[in-house]
Amino acid sequence: MNNETVNIEGAVCAPPLTHNEQIVMGHGAGGRMSHQLIQKAFVSAFQNTALNAGDDAALVEPGLRQKLSISTDAHVVSPLFFPGGDIGKLAVCGTVNDVAMLGAKPLYLTAGFILEEGLPMDTLKRVVESMRLAAEEAGVQIVAGDTKVVQKGKADGMYITTAGVGVVREDVNVSGANAKPGDMVILSGTIGDHGIAVLGARGELGFQSSLQSDVAPLNHLIDAMLDACPNIHVLRDPTRGGLATTLNEIAAQSNAGILLKEETIPVHPEVNAACEMLGFDPLYVANEGKLVAIVPKEEAEKVLAVMKSTKYGEGAVVIGEVVAEPTSRVLLKTALGSTRVVDMLAGEMLPRIC
Amino acid sequence: MKYVTEYRDAELVKGVIEEIRRTVTRPWTLMEICGGQTHSIVRHGIDQLLPPQIELVHGPGCPVCVTPLELIDKALSIAARPDVIFCSYGDMLRVPGSNRDLFSVKAQDGDVRVVYSPLDAVTMAEKNPDKQVVFFAIGFETTAPPNVMSVLQAQRLGLKNFSILVSHVRVPPAISAILSSPHNRVQGFLLAGHVNAVMGYHEYPPLVEKFGIPMVVTGFEPLDLVQGILKTVQLLEAGKVEVANAYQRAVTFEGLKPAQDAINKVFMECDRKWRGIGMIPMSGWGLRPEFDEFNAEKRFDVESLHAEESPLCIAGQILQGLKKPHHCPAFGKQCTPENPLGATMVSSEGACAAYYRYGRVTSEVIRE
């Protein structure tokens, strides 16, 4: 060993790369890069109270008797069909859920289809039938739409954008900004099912799984919860970016902290196994049929009981509480008794090497 | 989950920590060599639970972090070619080269794919005979067997469109470099159990003898880690200088002979630059000349490409355990996982990223 050749004090780093010049995949992953893009490119341009609030849907008051909740969602999933769902079901549920998260009853959707030349007509029919069934279950109507066809190679089969509108219940005030110290954090069931099911369906993992996506309309669950407790402070569905990112958003909006208990967070054993193998953390894996509810402590038992009596909330559990300090942070008490911070997803979720 | 849950059992872990507490009589500085162990320690907060006499410093065992700038630039140059499908382990995509990363190449002109196994890249080469498929073969001894298997498989299939860009590094020369440093503070090593699963630990007794410090083969789950720490502390307290194995369910003294044979057939030892440390003689593996046709550096004529690293952060000192991530003035401010100044912030196994993600600074504040 020749010590002369080892540069002990040598500090070596490449200059930072901020990806300001072009869009990279990380901008679409739902984590901090997505947030920065949304703030810099869109919110700063469109500036208004409803948009600036930063909730899943926009709360608008167009001078009617009731407030409206409006949201839109673009769907680009690959493959188009996966265990437990497909792009059509996803497109309906995604928007229904976002509209409902303000405590609204979703009523009408619109759907825009971007179809790739060569898409089998049968595929389109299956997707549309799936949308019909999901809309029926959610109790919404798809009342307008648009269709464009692009050349082969310009789209991945099909993309669907849906927009939705609903009326906000008169007795509620639900927003990501309403979490208060002392509130309890409730999760409606296991996390990561959708992300791992879709990843498995791509066939790139080299193992099979019976895991189903959790994609589901949550508006009836929300109705039942608000019937029992109109005073729910926050409702949000942890989609891309996972539970960790959603809770960080709420902590920042509410200027509060969230303290989780690791062993209370339910994870399906197959999701856990896939994450262990791939080097993912279930806290960052996408869900499409789960919600987080933040409720006053004294109402938690009641809300939990109602959730457990419903189809999409039967796995509901309390996973933590809202704390005053540190603000805008999510902490996790590990099973071993140590405490760590749970950060937002940075860019794309990348599998670790070993 | 079998083989995970039982090694994360809180009561068992607390029991071993209690035993460490009873054993320790004075301060000791231990280094876990492997980035996977750093990740696990910080994720589970194990260092918070240890008695204050035990300091863990984080070693250079993150293959993503130590891959030299020059090789990243070579990868970027190859990946940008229109005739190439460039395959990589996922967390290499964010590592900055001199002026861009693989994400940028993917967004601009390159066909960059994340694969979970180098054998997937071989399959891709079979399916795309009109393309050159290149796999970025990085890693320590752990990833060497699959990486060399990809070459042997491509050879067996007679593929003319598959090659690998090799940046392999080895643990023993890195340990030797760290212990040879006049700044060395490390008194005991937790060896990287997955490396030892492949290589065994017969390479380590000479190092223990030369430098006079104990080394303990250690696993990755919380219980494995605290058992490795306990064994190291027991050896230190008893004044014993030897190699011990605290990861017997996966590691034998000899290691996996067939894997070692495959590695020796395809790779040979060579000098290797480590990002953050510099050149360590004979610390790497490269392809033997008889496998030149699978050598991407030769196939794409990037051997002469040279890059100078610019000194902007203290990654080098962190990789050697001289500094902790939050000692860096850029940590968490200018330097974050989505805007990494250094490789240690890029990979989720990098010490800086682990500290950032699991909020070490904040939780230390909370504890105080």
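Bear in mind that the values in this text are calculations on the coordinates, not laboratory data. All values derive from a computational prediction rather than experimental measurement. Cβ atoms come from the backbone with ideal geometry, glycine included; neighbour counts cover every protein chain shown.
Quick look at the values:
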| item | result |
| --- | --- |
| Residue order, fewest to most surrounding Cβ atoms within 10 angstrom, among B:Val24, B:Val112, A:Val128, A:Val96 | A:Val128, B:Val24, B:Val112, A:Val96 |
| Size of electric dipole in chain A: Cβ of Lys, Arg +1 and of Asp, Glu -1, about Cα centre, debye, nearest 20 | 400 |
| Beta bridges by DSSP in chain B, antiparallel share as percent, to the nearest 5 | 25 |
| Cα centroid separation, the range A:216-276 to the range A:29-92 (Å) | 17 |
| FRET efficiency, 1/(1 + (r/R0)^6) with R0 56 Å, evaluated for A:Ser328 and A:Gln151 via beta carbons | 0.80 |
| Scattering curve values for the range A:184-341, log₁₀ I(q)/I(0), Debye with Cα scatterers, q = 0.13 Å⁻¹ | -0.59 |
| Scattering profile of the range A:53-168 at q = 0.15, 0.23 Å⁻¹ [log10 I(q)/I(0), Debye over alpha-carbon scatterers] | -0.64, -1.23 |
| Taking chain A and dividing mean pair separation by its residue count, relative contact order in percent (alpha carbons under 8 Å, at least six apart) | 22 |
| Relative contact order computed over the range A:53-168 (Cα-Cα under 8 Å; 6+ residues apart), in percent | 40 |
| Residue mean of other protein chain beta carbons inside 10 Å, B:265-275 | 1 |
| Separation of alpha-carbon centers, the range B:168-190 and the range B:66-131, rounded to whole Å | 31 |
| Stokes-Einstein D for chain A, Kirkwood Rh over Cα pairs, 20 °C, 1.002 mPa s (µm²/s) | 100 |
| Gained length - A:Ile23 relative to A:Met277, 0.36 nm times residue gap less alpha-carbon distance | 88.5 nm |
| Which of A:Ser34, B:Ser104 has the fewest Cβ neighbours within 10 Å, and the rest in rising order | A:Ser34, B:Ser104 |
| The protein assembly as shown - share of DSSP beta bridges that are antiparallel (%, nearest 5) | 55 |
| Lys, Arg +1 and Asp, Glu -1 on Cβ, resulting dipole of the protein assembly as shown about Cα centre, debye, nearest 20 | 440 |
| Full-extension gain in nm, A:Lys308 to A:Ala74, via 0.36 nm per residue minus C-alpha separation | 81.2 nm |
| For chain B, size of Cβ-based charge dipole, Lys and Arg +1, Asp and Glu -1, in debye | 420 |
| Cα centroid separation - the range A:133-162 against the range B:246-269, whole Å | 53 |
| Within the protein assembly as shown, helix-based [θ] at 222 nm, where runs of 4 or more DSSP H residues each add -39,500 (n - 2.57), nearest 500 | -9500 deg cm²/dmol |
| Residues with amide H under 5 Å from that of A:Val330, placed H, sequence gap 5 or more | A:Ile258, A:Val342 |
| Filter on A:Lys125/A:Lys154; A:Lys261/A:Lys311; A:Lys89/A:Lys180 - keep pairs with C-alpha separation over 28 Å | A:Lys89/A:Lys180 |
| Relative contact order, percent, chain B [alpha-carbon distance under 8 Å, six or more residues apart] | 22 |
| Burial ranking of peptide ranges B:225-235, B:71-81, A:55-65, B:289-299 (average Cβ count within 10 Å, highest at the top) | B:225-235, B:71-81, B:289-299, A:55-65 |
| Aspartates and glutamates whose Cα lies under 16 Å from that of B:Lys324, excluding same-chain neighbours fewer than 8 positions away | A:Glu9, B:Glu32, B:Asp47, B:Glu55, B:Glu349, B:Glu364 |
| Helix B:257-266 vs. chain B, principal-axis angle (Cα, 0 to 90°, nearest 10) | 40 |
| All lysines inside 22 Å of A:Lys40 as judged from Cα atoms, apart from same-chain residues fewer than 8 positions distant | B:Lys333 |
| Sequence-distant lysines (8 or more away, or on other chains) whose Cα lies within less than 21 Å of B:Lys210 | B:Lys231, B:Lys240 |
| Cα-only radius of gyration and Dmax that characterise the protein assembly as shown, units Å | 26.5, 83 |
